[in-house]
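Accompanying notes for the structure given below.
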Amino acid sequence: MNILCFWHPDNPTDVYNELIRYFGSERFCYFYKEEKNQNLSLEAESESFYIYEPIEDFLTKCDNARAVEPELIKALRKYEGEANSLIYRWRTTLLRTKEYAEIKDLFYRLVKYWNDYLDKNDIGLFILECMPHIINEYIPYILCKEKGIKLIIADQLSMVKGMEAKTYFRTEIETIYPEFIAKYEKNIEYYSQNSKEEISLPYDMEGYFEAYGDVQKRNEKTEKTVLITQSKNSIFSLIVKRSSIYLRQKNFGKLTRKARDFFTRGIAAKKLRNYVETLECKPEENEKFVLFLLHYQPEASTCPQAGIFDNQEIAIDMLLDSLPEDVKLYVKEHPVYWTKRSDRGQFDDMRDYRSRAFYHRLASNKKVRLIEHSYKTKPLAGKALAVSSINGTVIFENIFRKIPLIMFGNSFFSDMKGLRKISTLEQCRKAMDDIVHGKYEFATERDIAVFLKTIAEITVTGAPQYDDYKALGEVIMTEEENMHSILRGIINFYEYAYK
């Protein structure tokens with residue numbers, strides 16, 4: 001089986017060769033980030049792609065690709081919105097303008113290229129080290145889905161600081177794991193019938209209870225823990241790293257454009273923040289409300305993982321339609337957009353996903369209060385009838401606090417008891433009615449333990465990238481051990497999901 005691989009460990013030769021031997025690959029096609037990993041001694045014919053290859057150079061490859069069957073184009077239309085959002089997210093790398101026509105054309109040209117590539121190389125398996133949120137990951141991903149090509153996507157748990165980094169695998173964005181719900185329900189049934197049996201959890205899973213469970217169980221160390229989902233680089237290191245790429249490519253025009261954009265957008269973003277602050281207000285005493293916490297964007301957890309709810313206004317409208325007359329919707333912005341010490345708050349532009357008109361619509365709605373971004377979220381959530389988000393970790397944290405929760409996107413905890421995952425307006429109305437009338441079912445501590453035990457059964461220790469492994473949790477493995485742990489996880493998952 002020939003492989004397309006979007007996993008680039010620092011020393012990949014042995015790992016790739018083991019994959020080649022296991023799958024009997026005649027062709028092995030892979031992306032690389034570092035020049036030293038371009039030409040490897042692999043035991044199969046190979047082709048490599050530089051992940052930061054200038055799009056102008058890459059798109060010349062599309063000219064000779066064969067035409068795409070119209071039926072396949074029709075099938076891909078349902079992904080076009082997410083694809084165009086990803087193109088827009090990376091537009092300063094991909095395009096010289098943000099014109100709709102260029103975005104639309106780029107989507108088709110990339111579909112044309114990757115469809116031809118998958119066929120010519122007889123690709124039978126696409127391996128991804130993370131959610132496909134770069135356009136040259138996402139286009140082959142959607143093509144593989146529609147063409148029946150096998151997929152393995154690595155995904156990392158949100159971890160409490162000090163825990164081991166954990167990775168599990170998916171066959172698609174929308175579901176956590178094949179048959180996970182059946183596995184979870186089987187565990188629920190077993191521990192219901194054996195109610196006195198203790199549920200034994202690995203120490204790292206116990207960390208969730210220490211961080212977010214009963215306050216009496218906390219200690220000085222766990223009081224300070226936070227969920228972490230990715231490594232944090234300083235803004236300076238990001239600038240140096242990205243600038244060095246363009247300097248190596250001698251792409252001085254793109255470097256100049258990005259530098260100009262970086263410095264000018266900060267001024268414009270500050271103007272937008274100042275405007276938003278004029279619309280924000282404090283919570284009202286003794287007022288009934290549902291709290292909706294806006295998700296940080298752009299991020300893979302919303303696009304593509306949240307589907308249509310990447311547009312958070314859809315979720316807001318569904319909540320407003322479902323609220324009783326005497327209940328307000330409190331909307332609170334993500335604090336990263338105001339946190340000057342945050343690399344993401346400075347490097348990404350809030351205007352990409354938040355327009356002046358968006359905030360104006362919220363503030364003008366009599367059912368909505370735009371809450372001051374500096375107001376503490378935790379005490380506010382404690383007073384709310386319910387807390388809602390797309391798929392932020394705030395949902396997972398508040399399961400431990402027995403607060404009604406409404407979630408719209410996908411995450412590792414989407415199917416957990418103690419929250420309502422919403423995909424239709426009817427479900428949203430039903431959830432709100434149950435909350436108002438005291439029919440909401442909270443997760444007990446035992447319920448949470450059963451879920452975490454089920455999660456533990458499908459994870460491997462480590463992260464696809466060793467830098468992420470070191471940043472995500474307690475380091476107990478060497479770089480080579482981490483790499484081979486993920487490799488074993490990929491092979492074991494393939495055996496489970498596809499055989």
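Details
- Cross-link partners for Lys74 among the aspartates and glutamates, with Cα-Cα distance under 13 Å and sequence neighbours closer than 8 places in the same chain left out: Glu146.
- Pairs beyond 30 Å (Cα-Cα), from Lys332/Lys430; Lys78/Lys288; Lys186/Lys421; Lys78/Lys376; Lys470/Lys499: Lys78/Lys288; Lys78/Lys376; Lys470/Lys499
- Exposure proxy for Arg369, Arg260: other Cβ atoms within 10 Å of each Cβ, ordered fewest to most, give Arg260, Arg369.
- Integer Hz, Karplus 6.51/-1.76/1.60 couplings in order for segment 448-457, x for Gly and Pro: 5, 4, 4, 4, 5, 5, 5, 4, 4, 5
- Residue exposure proxy: His8, His437, ordered by other Cβ atoms within 10 angstrom of their Cβ from fewest to most, comes out as His437, His8.
- Take 39-49, 19-29 and order them by the average number of nearby Cβ atoms within 10 Å per residue, most first; the result is 19-29, 39-49.
- Long-range amide H partners of Ser46 with built H, under 5 Å: Phe28
- Shape class for segment 1-75: oblate, because the ratio a/c of the largest to smallest gyration tensor axis (alpha-carbon atoms, square roots of eigenvalues) is 1.5 or more and b/c is at least a/b.
- Protection proxy ranking of 415-426, 326-337, by the mean of other Cβ atoms within 10 Å over each peptide's residues and highest first, is 326-337, 415-426.
- Fully extending the segment from Glu80 to Glu179, taken as 0.36 nm per residue of separation minus the present Cα-Cα distance, adds 32.8 nm.
- Coupling constants for segment 125-140 follow from the phi torsions by the Karplus curve (6.51 cos²θ - 1.76 cosθ + 1.60, θ = phi - 60°), and in residue order they are 8, 10, 10, 10, 7, 6, 4, x, 10, 9, 4, 7, 9, 5, 5, x Hz; glycine and proline get x.
- Spin-label model, Ala268 to Asp317: label points 7 Å out along the Cα-to-beta-carbon direction sit 2.6 nm apart.
- Additional length obtainable on full extension of the chain from Leu59 to Arg446, 0.36 nm per residue less Cα span: 134.0 nm
- Counting every other Cβ atom within 10 Å of each residue's Cβ, Ile403, Ile188 order from fewest to most as Ile188, Ile403.
- Karplus-derived 3J(HN,Hα), 6.51/-1.76/1.60, for each residue of segment 281-291, Hz, glycine and proline x: 9, 8, x, 8, 5, 6, 9, 6, 7, 10, 9
- Site pair Lys120 and Ile188 shows an inter-label distance of 4.9 nm when each label is modelled 7 Å from Cα along Cα→Cβ.
- Potential extension, Glu287-Leu72 segment - 0.36 nm per residue separation minus Cα distance: 72.2 nm
- Long-range amide H partners of Lys328 with built H, under 5 Å: Lys288, Phe289, Val290
Each reported figure results from applying straightforward, stated rules to the coordinates on display, with no laboratory input. All of these numbers come straight from a predicted model, not from anything done at the bench. Cβ atoms come from the backbone with ideal geometry, glycine included; neighbour counts cover every protein chain shown.
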